[in-house]
Amino acid sequence: MNTYERHDAPSVFGAVHLGYMIIETNRFADWQRFGTDAIGMHHDALSRDLMRFRLDDQECRFLLRRGPAEDVVTTGWHIDDHASFEQIEARIRAHGVPLVVGTDEEAALRGVERLLRFPGPKGITQEIYTTPVKSAEPLRMLASGFVTGDAGIGHIALTSTRPTQIRSYFNTVFDARLTDYIDETMSGLKVKIRFLRVNERHHTIAVGNARRLPIDPIRTRVQHLNVQAATLDDVAQSYQRVHEMGFGSLTVGQHTNDRELSYYARTPSGFDWEVGWNPVVVDEATWEPSTHQGISVWGHLPVGETILDKLAQFRTGALSLAHPENTVPALSGTGIADD
């Protein structure tokens, strides 16, 4: 075991679950249409400046607040027990990183208890909490259901110029484990993607980078986020709605590593939203990291992409050279051997 995978304290792996995300946007009408009529989630309007989406009996899985970012600005992590919560808190304090205790009002908006906030990579605030609040209100949604539970609500995918540091950050904070790699070539660029897990879900964090080029071609902090549909029919029906409503990004396909069958929609804020079904579940007793060639076995073809879209990505990549990426060095400075 190398230093990257070792902590003196007991591991919190398995006690950590992606619980909610906060999205900042000024496109509330478009987001309500996207979330309810296209993806099929339950919607709650809280005020002119706040709304939530539900996937299950928890009060909040996605909190949308009015603002200019047009991006995911916060990820919330459900911690199983108070001992693990306090262990994570102690790690962050030991590294000299500031922590902020969430107010009662902030916790209520997120539908949680015992809320702490601290800086994360790429400017995405990280929050941890213990007890999620359950809603007595029946779900009103087009989908039959979503898979959450011990695996959390899905995953987030980031692009980065410093992927090793991001991997180290999530290991330091959550004891994240490397599941596997994917090597791919996109628009002539060689891309490597690292897949990290914090529980039985194949991955909760994916980090992609252009090899040998310190550029980030994605404007948003998050390249995509993922939710797992309960049935194949849910994927098919939401895919049809997404395309009829003009939100299509990538067609239905199947990934090489987690075998998830999925499609991608383009959100009103510009990042992608993946709806998937039936990914593999990691067996910790037998799993060994490996490298896969190519992202997809089949499918996942671009919908309506033009040369102007490609040029915009190249411009974004060039501009990223002038803005060094913040990986929260105090939590991501562990040296590791990582391809």
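Tell me the net charge near S144. Cut-off is 10 Å between Cβ atoms, S144 excluded, with +1 for each Lys or Arg and -1 for each Asp or Glu. List each step's numbers first, then the result.
Working: positive: none; negative: D233, D234.
Residues near S144 contribute -2 overall.
Per-residue counts of other Cβ atoms within 10 Å, averaged by peptide: what ranking do you get for 17-23, 65-71, highest first? Write out the running numbers ahead of the final one.
On the way: 17-23: 23.7, 65-71: 15.7.
Packing proxy ranking, top to bottom: 17-23, 65-71.
What FRET efficiency would be calculated for the residue pair V280, M186, taking the C-beta separation as r and a Förster radius of 35 Å, to the nearest 0.05? Mind dumping the intermediate values first?
On the way: r = 24 Å, r/R0 = 0.68.
The value I calculate is 0.90.
In segment 83-189, what GluC sites (Glu not before Pro) fall in a loop by DSSP, with at most 16 other Cβ atoms inside 10 Å?
Details: sites: E86, E89, E105, E106, E113, E127, E184; in loops: E113.
For GluC sites (Glu not before Pro) across segment 83-189 that sit outside H, G, I, E and B with at most 16 neighbouring Cβ atoms in 10 Å, the list reads E113.
Once the piece of chain linking T231 and R259 is laid out straight, how much longer is it, given 0.36 nm per residue of separation minus the C-alpha distance between them? Working shown, then result.
Values: separation 28, 0.36 × 28 = 10.08 nm, distance 1.50 nm.
Taking 0.36 nm per residue and subtracting the Cα distance, the gain is 8.6 nm.
Divide by every residue of the chain the summed helix terms, -39500 (n - 2.57) for each DSSP H run of at least 4, and state the resulting mean residue ellipticity at 222 nm, rounded to the nearest 500 deg cm²/dmol. Please list the in-between numbers first.
Numbers: 7 runs with 68 residues, N = 339.
Taken over the chain, the calculation gives -6000 deg cm²/dmol.
As an exercise, use a Förster radius of 22 Å and the Cβ-Cβ distance of V100 and A330 to find the FRET efficiency, rounded to the nearest 0.05. Provide the component values of the computation, followed by the final result.
Working: r = 16 Å, r/R0 = 0.71.
Computed FRET efficiency for V100 and A330: 0.90.
For segment 1-91, rounded, prolate or oblate, judged on the Cα gyration tensor with a ≥ b ≥ c (square roots of eigenvalues), a/c < 1.5 rounded, else prolate if a/b > b/c?
On the way: a/c = 2.84, a/b = 2.36, b/c = 1.20.
Note, shape of segment 1-91 comes out prolate.
From the square roots a ≥ b ≥ c of the eigenvalues of the alpha-carbon gyration tensor of segment 179-279, which class results: rounded (a/c under 1.5), prolate (a/b over b/c), or oblate?
Values: a/c = 1.98, a/b = 1.31, b/c = 1.51.
Judged from the Cα gyration tensor, segment 179-279 comes out oblate (a/c at least 1.5, b/c at or above a/b).
Rounded to the nearest 5, what % of the DSSP beta bridges within the chain are antiparallel ones? Could the numbers behind the result be given before it?
Details: 59 of 81 bridges.
So the antiparallel bridges in the chain amount to around 75 percent.
Sequence gap of 8 or more, or different chains, plus Cα separation below 26 Å: how many lysine pairs satisfy both in the chain? Before the final figure, lay out the partial values.
Working: K122/K190; K122/K192; K122/K310; K190/K310; K192/K310.
For the chain, qualifying lysine pairs total 5.
When a/c reaches 1.5 or more, the comparison of a/b and b/c decides; with that in mind, is the chain rounded, prolate or oblate per its Cα gyration tensor? Walk me through the numbers on the way to the answer.
Details: a/c = 1.34, a/b = 1.05, b/c = 1.28.
Taking the square roots of the gyration eigenvalues as a ≥ b ≥ c, the chain is rounded.
Mind ordering 238-249, 253-264 by average Cβ neighbours within 10 Å, highest first? Intermediate values should be presented prior to the final figure.
Values: 238-249: 17.2, 253-264: 20.7.
Peptide ranking by packing, descending: 253-264, 238-249.
Taking K and R as +1 and D and E as -1, what net charge do the other residues with C-beta under 14 Å from the C-beta of V297 add up to?
On the way: positive: R259; negative: E184, D258, E260.
That works out to -2.
Readers should treat all values here as calculations from the given coordinates under stated rules, not as data from a laboratory. Note that the coordinates shown come from a computational prediction; the quantities given were computed from them, not determined experimentally. Cβ coordinates were reconstructed from backbone atoms using ideal geometry, including for glycine residues, and neighbour counts include every protein chain displayed.
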